[in-house]
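Q: I have a structure I would like to understand better, so I am pasting it below and will then ask my questions one at a time.
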Amino acid sequence: MLTSTDKGVSALEDRIGRAARALLDHQQPDGHWVFELEADATIPAEYVLMRHFRGEPVDAELERKIAVYLRRIQGAHGGWPLFHQGAFDMSASVKAYFALKMIGDPIDAEHMRRARDVIRARGGAARANVFTRTLLALYGQISWRSVPMMPAEVMLLPKWFPFHLDKISYWSRTVIVPLLVLLALKPQAKNAKGVRIDELFLAPPDQARLTPRAPQQNKFWFAFFRMVDHVLRAVEPVLRRLPTRVRSIKAAETFTIEHLNGEDGIGAIFPAMVNSILMFDVLGYPADHPLLTIARLSVEKLLVVKDDEAYCQPCVSPVWDTGLACHAMLEVGGDAAVATVNKGLDWLKTKQILDVKGDWAAARPDVRPGGWAFQYNNAHYPDVDDTAVVAMAMDRAQNLQGRTEHREAIDRAREWIFGMQSKNGGWGAFDADNDHYYLNHIPFADHGALLDPPTEDVSARCVSMLAQLGDMPKNEPRVAQAVDYLLKSQHPEGSWYGRWGMNYIYGTWSVLCALNTAGVDHQAPEVRKAVDWLVKIQNSDGGWGEDGSSYKLDYKGYEPAPSTPAQTSWALLGLMAAGEIDNPAVARGIDYLSRTQGADGLWKEELFTAVGFPRIFYLRYHGYAKFFPVWAMARYRNLKRANSPSVAYGM
């Protein structure tokens, strides 16, 4: 007769098997995985507005589907949030309203009235951020006087100057460079329908003033840079007539062309791609010019068009999705799972960047390339997080099978990761020592995301990889410095910050994995505090959850949020990395995942669990609820089966 324990094990095996088969069904024929990557209303809205800016033929059916999507994600407050069920956001709401009006939604429709009322109640469209103001100025909705100065001459500044393109993040660089041409030449939208949104302003739009200081900006620094802005505005008429303006525009054009990245687009991110298209337009490139044609194609490839609705992704995530799916399948184990992993890793191997020294080399000129990018192709911008995830999967897979075919790829990744370490011991995602924090206080940077400094989650992933490969703190000073960085960055409550995943649950999972792999004692006070924190914040349903409000500037500790499959999985993987396989909280978490698994073997997750830029741009990885839960459940099974509390891998 089967005992209740036997039945429980059997049921768990069945759930793992169904989830693994469902995940396998999503694998592409060439071995990779890629899932939808969804942001907020701004991306699909900007897609619509880009088409009308350029005067492209109206695709009525596509616009109808995008309108359906925008109406569906409208918040209960009447505006549009930055993440599902989030608070009202002015800039997202202004863009969504503008796009819907452009598509043809009547302004007296209920959803448009609600949006207009809440926008006006919150101060009107004049309260929108700098990038939204720039779009409105390009459409002639507001005066350029209300947009902070960013002269094209920054392209010619020497490296020692306080502002230089090398001193800002990759995403800022690729967005700003083509934008400099637009700011210098100030093209106007064709806007064949003549749509305006004056009704969203409390005062005449041409009276809009410069943006006030953002909450995160220092008063002194902002006042200083605002003074610089006034000086630049005063000398702008002179700059326009100087030969340096022509040279600056040419330098921006050259940079954009060199970084165009084929049909994957400059930076492989939507805002930079759109700016490159508009730059080519204003510079007079004919519509059929190969560079303009391929730039336009790069945006079109981001569309997700379904039977009933459509939206535009901010970018795509095939390397990230494939690396994480491989880890999940390795945890599932078995010949069939390992065979799918081998196919995925073979695909990933072709994506390693070995022959291009990207922008990161400005800070590390003597380091050989060896990383992976997030997207299909983005050779100038590999990141250490993807690189660490892929290298760990390769190492685990080949060791499991007693093979060495990935050794060279892993060695190059290790060399590059070490080379990208910042001076404080941590790692930023795309650049080393990208920590010129004063630049976040310029008026143009009201979003507060101009830089790519070291963060705990990314640094933890690098430590996990290096330690898994044998670089332990006791024999490698650089890893010891990194572990020290992580220990010092723990919050008093016991958590760690998550820059790229939401939020402290993600950061704490990442760091606990790193500390475990690096040999830090599970009884160390930092580990105990983290375990206590995770157990304390578990929801009554057995899951864990956290939302985008946790990134607020006045964060004072965890605030309850609905459970999600991905965040529950991170908490479970973190607890198990800390040796807590027998903690009742872990069993409750596994039970939550078991109860919420769908009939198709997967999990539903409408809530956003990731972040592009804290407080301004959040993400929903549609793959997270497909590979993280089966990963956590399989690890639980494996540790219970082995009767051992120790996790042997970096993730």
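Q: Quick one: how many residues across the range 336-355 are part of a helix (DSSP H, G or I), open to solvent by 20 Å² or more (accessible area, probe 1.4 Å) and farther than 19 Å from residue 635 by Cβ?
A: Going through the range 336-355 one residue at a time, the tally reaches 6.
Q: Are any residues in the range 534-583 of a type in the set (Asp, Glu), surrounded by fewer than 21 Cβ atoms within 10 Å (Cβ to Cβ) and closer than 24 Å to residue 613 by Cα, and if so, which ones?
A: Selection gives 554, 559.
Q: So which residues in the range 411-447 are under 18 Å from residue 617 (Cα atoms) and out of contact with any strand residue (DSSP E or B) (no Cβ under 8 Å at 6 or more places or on another chain), if there are any at all?
A: Passing the criteria: 440, 444, 445, 446.
Q: Which helices (runs of 4 or more DSSP H) does the range 532-651 wholly contain that include 2 or more residues that are among the polar types (S, T, N, Q) and over 30 Å from residue 95 (Cα atoms)? Outline the logic, then answer.
A: Numbers: elements: 565-577, 584-596, 624-642.
Result: 565-577, 584-596.
Q: Show the residue pairs meeting these rules: Cβ distance below 6 Å; 6+ apart or different chains; first residue within the range 106-127 and farther than 18 Å from residue 204 by Cβ; second residue open to solvent by 40 Å² or more (accessible area, probe 1.4 Å).
A: Going by the 6 Å Cβ cut-off, the qualifying pairs are 111/71; 118/77.
Q: Separate question: Could you identify the single residue in 480, 467 that is farther than 26 Å from residue 589 by Cα and open to solvent by 20 Å² or more (accessible area, probe 1.4 Å)?
A: On the way: 467 fails: open to solvent by 20 Å² or more (accessible area, probe 1.4 Å).
Result: 480 is the single residue among 480, 467 that is farther than 26 Å from residue 589 by Cα and open to solvent by 20 Å² or more (accessible area, probe 1.4 Å).
Q: Could you run through the range 356-365 and say how many residues are in contact (Cβ under 8 Å) with a residue 40 or more places away in the chain, open to solvent by 10 Å² or more (accessible area, probe 1.4 Å) and not basic (Lys, Arg)?
A: Summing the residues that are in contact (Cβ under 8 Å) with a residue 40 or more places away in the chain, open to solvent by 10 Å² or more (accessible area, probe 1.4 Å) and not basic (Lys, Arg) in the range 356-365 gives 3.
Q: Separate question: If we scan the range 615-634, do we find a residue that is surrounded by fewer than 18 Cβ atoms within 10 Å (Cβ to Cβ) and either without any contact (Cβ under 8 Å) to a residue 40 or more places away in the chain or among the hydrophobic types (A, V, I, L, M, F, W, C) (or both)?
A: Looking for residues that are surrounded by fewer than 18 Cβ atoms within 10 Å (Cβ to Cβ) and either without any contact (Cβ under 8 Å) to a residue 40 or more places away in the chain or among the hydrophobic types (A, V, I, L, M, F, W, C) (or both), one finds none in the range 615-634, hence no.
Q: Next question. Within the range 427-440, which residues are within 15 Å of residue 500 (Cα to Cα) and small (Gly, Ala, Ser)?
A: 428, 429
Q: To continue, here is another question. Name every residue in the range 505-524 that is in a helix (DSSP H, G or I) and open to solvent by 10 Å² or more (accessible area, probe 1.4 Å), in order of residue number. Give the steps one after another, and end with the answer.
A: Going residue by residue through the range 505-524, those that are in a helix (DSSP H, G or I) are 505-517.
516, 517, listed by residue number.
Q: Same structure, new question: For the range 238-252, state whether one or more residues are open to solvent by less than 50 Å² (accessible area, probe 1.4 Å), in a loop (DSSP other than H, G, I, E, B), without any contact (Cβ under 8 Å) to a residue 40 or more places away in the chain and at negative phi.
A: The answer is no; no qualifying residue exists.
A quick yes/no check of all residues on (1) open to solvent by 10 Å² or more (accessible area, probe 1.4 Å); (2) assigned to a helix (DSSP H, G or I):
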{"site": "285", "(1), (2)": "yes, no"}
{"site": "288", "(1), (2)": "yes, no"}
{"site": "294", "(1), (2)": "yes, yes"}
{"site": "299", "(1), (2)": "no, yes"}
{"site": "304", "(1), (2)": "yes, no"}
{"site": "308", "(1), (2)": "yes, no"}
{"site": "315", "(1), (2)": "yes, no"}
{"site": "319", "(1), (2)": "no, yes"}
{"site": "325", "(1), (2)": "no, yes"}
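Q: Go through (1) assigned to a helix (DSSP H, G or I); (2) open to solvent by 10 Å² or more (accessible area, probe 1.4 Å) one by one and return the number of the condition residue 272 breaks.
A: (2)
Each row is one residue, and each column tells you yes or no for (1) among the aliphatic types (A, V, I, L, M); (2) in contact (Cβ under 8 Å) with a residue 60 or more places away in the chain.
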| position | (1), (2) |
| --- | --- |
| 52 | no, yes |
| 82 | yes, yes |
| 88 | no, no |
| 93 | no, no |
| 97 | no, yes |
| 100 | yes, no |
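Q: Separate question: Consider residue 162 against the criteria (1) under 24 Å from residue 93 (Cα atoms); (2) open to solvent by 40 Å² or more (accessible area, probe 1.4 Å); (3) outside any helix (DSSP H, G or I): it satisfies all of them except one. Which criterion is unmet?
A: So residue 162 meets the others, but not (1).
Q: Can you pull out every residue in the range 242-270 that is closer than 17 Å to residue 283 by Cα and of a type in the set (Gly, Ala, Ser)?
A: Of everything in the range 242-270, those that are closer than 17 Å to residue 283 by Cα and of a type in the set (Gly, Ala, Ser) turn out to be 248, 251, 252.
Q: I've got another one for you. When residues of the range 433-453 are filtered for being within 15 Å of the chain's Cα centre (by Cα) and open to solvent by less than 20 Å² (accessible area, probe 1.4 Å), how many remain?
A: 4
Q: Which pairs do you get when a residue that is among the polar types (S, T, N, Q), found in the range 383-400, comes within reach of a residue that is in a helix (DSSP H, G or I) and open to solvent by less than 10 Å² (accessible area, probe 1.4 Å), reach meaning Cβ atoms under 8 angstrom, with the pair 6+ apart or on two chains?
A: 387/413; 387/416; 387/417; 387/465
Q: Here's a follow-up. Give me a count of the residues in the range 183-220 that are outside any loop (DSSP other than H, G, I, E, B), under 24 Å from residue 154 (Cβ atoms) and either in contact (Cβ under 8 Å) with a residue 12 or more places away in the chain or of a type in the set (Asp, Glu) (or both).
A: Looking only at that region, the number is 3.
Q: Looking at residue 376 and the list (1) outside any helix (DSSP H, G or I); (2) open to solvent by 40 Å² or more (accessible area, probe 1.4 Å); (3) over 28 Å from residue 420 (Cα atoms); (4) not charged (D, E, K, R), which single condition is not satisfied?
A: The single condition residue 376 does not satisfy is (3).
Q: Please go through the range 379-401 and pick out each residue that is of a type in the set (Asp, Glu) and either more than 20 Å from residue 346 (Cβ to Cβ) or not in a helix (DSSP H, G or I) (or both).
A: If we filter the range 379-401 for residues that are of a type in the set (Asp, Glu), which is where we start, we get 383, 385-386, 395.
Hits for the range 379-401 are 383, 385.
Q: Consider residue 278 against the criteria (1) open to solvent by less than 10 Å² (accessible area, probe 1.4 Å); (2) out of contact with any strand residue (DSSP E or B) (no Cβ under 7 Å at 6 or more places or on another chain); (3) on the phi < 0 side of the Ramachandran plot: it satisfies all of them except one. Which criterion is unmet?
A: Evaluating residue 278 over (1) open to solvent by less than 10 Å² (accessible area, probe 1.4 Å); (2) out of contact with any strand residue (DSSP E or B) (no Cβ under 7 Å at 6 or more places or on another chain); (3) on the phi < 0 side of the Ramachandran plot leaves (1) as the failure.
Q: In the range 468-483, which residues are over 16 Å from residue 420 (Cα atoms) and assigned to a helix (DSSP H, G or I)? Step through it out loud before you land on a result.
A: Residues of the range 468-483 that are over 16 Å from residue 420 (Cα atoms), as a first pass: 468-470, 472-475.
Answer for the range 468-483, where residues must be over 16 Å from residue 420 (Cα atoms) and assigned to a helix (DSSP H, G or I): just 468.
Q: Could you list, in sequence order, all residues of the range 54-65 that are touching a residue at least 40 places away in the same chain (Cβ under 8 Å) and loosely packed, with under 14 Cβ neighbours inside 10 Å?
A: In the first step, residues of the range 54-65 are kept if they are touching a residue at least 40 places away in the same chain (Cβ under 8 Å); the result is 54-55, 62-63, 65.
Answer for the range 54-65, where residues must be touching a residue at least 40 places away in the same chain (Cβ under 8 Å) and loosely packed, with under 14 Cβ neighbours inside 10 Å: just 55.
Q: Within the range 403-432, which residues are open to solvent by less than 30 Å² (accessible area, probe 1.4 Å) and of a type outside the set (A, V, I, L, M, F, W, C)? Give the steps one after another, and end with the answer.
A: Filtering the range 403-432 for residues open to solvent by less than 30 Å² (accessible area, probe 1.4 Å) gives 406, 409-410, 413, 416-422, 425-432.
Scanning the range 403-432 gives 406, 419, 421, 422, 425, 426, 428, 431.
Q: Just for the range 125-159: of the residues that are part of a helix (DSSP H, G or I) and among the aromatic types (Phe, Trp, Tyr), which one is surrounded by the fewest Cβ atoms within 10 Å (Cβ to Cβ)?
A: 144
Q: Quick one: which residue in 84, 32, 26 is surrounded by fewer than 17 Cβ atoms within 10 Å (Cβ to Cβ) and not charged (D, E, K, R)?
A: Working: 84 fails: surrounded by fewer than 17 Cβ atoms within 10 Å (Cβ to Cβ); 32 fails: surrounded by fewer than 17 Cβ atoms within 10 Å (Cβ to Cβ).
Answer to the check: 26.
Q: Here is a follow-up. State yes or no: is residue 184 open to solvent by less than 20 Å² (accessible area, probe 1.4 Å), under 30 Å from residue 545 (Cα atoms) and at pLDDT 95 or above? First the steps, then the outcome.
A: Values: open to solvent by less than 20 Å² (accessible area, probe 1.4 Å): yes; under 30 Å from residue 545 (Cα atoms): no; at pLDDT 95 or above: yes.
The answer is no for residue 184.
Q: Continuing with this model, one more query. Could you check how many residues of the range 112-124 are in a helix (DSSP H, G or I) and either open to solvent by less than 20 Å² (accessible area, probe 1.4 Å) or of a type in the set (Asp, Glu) (or both)? Reasoning before the result, please.
A: Restricting attention to the range 112-124, the residues satisfying the condition of being in a helix (DSSP H, G or I) are 112-121.
Next, from what is left, pick out any that are either open to solvent by less than 20 Å² (accessible area, probe 1.4 Å) or of a type in the set (Asp, Glu) (or both): 112, 115, 117-119.
Of the residues in the range 112-124, 5 are in a helix (DSSP H, G or I) and either open to solvent by less than 20 Å² (accessible area, probe 1.4 Å) or of a type in the set (Asp, Glu) (or both).
The values are calculated or read from the model by the stated rules, or taken from the named source; none is laboratory data. This one's a predicted model, so the numbers in the text were calculated from it and none came from an experiment. Cβ: placed from backbone, ideal geometry, glycine included. Neighbour counts: every protein chain shown. Just so you know, the surface numbers come from the protein's heavy atoms only, side chains and all, with ligands and any DNA or RNA stripped out. Shrake-Rupley method; radii C 1.70, N 1.55, O 1.52, S 1.80 Å.
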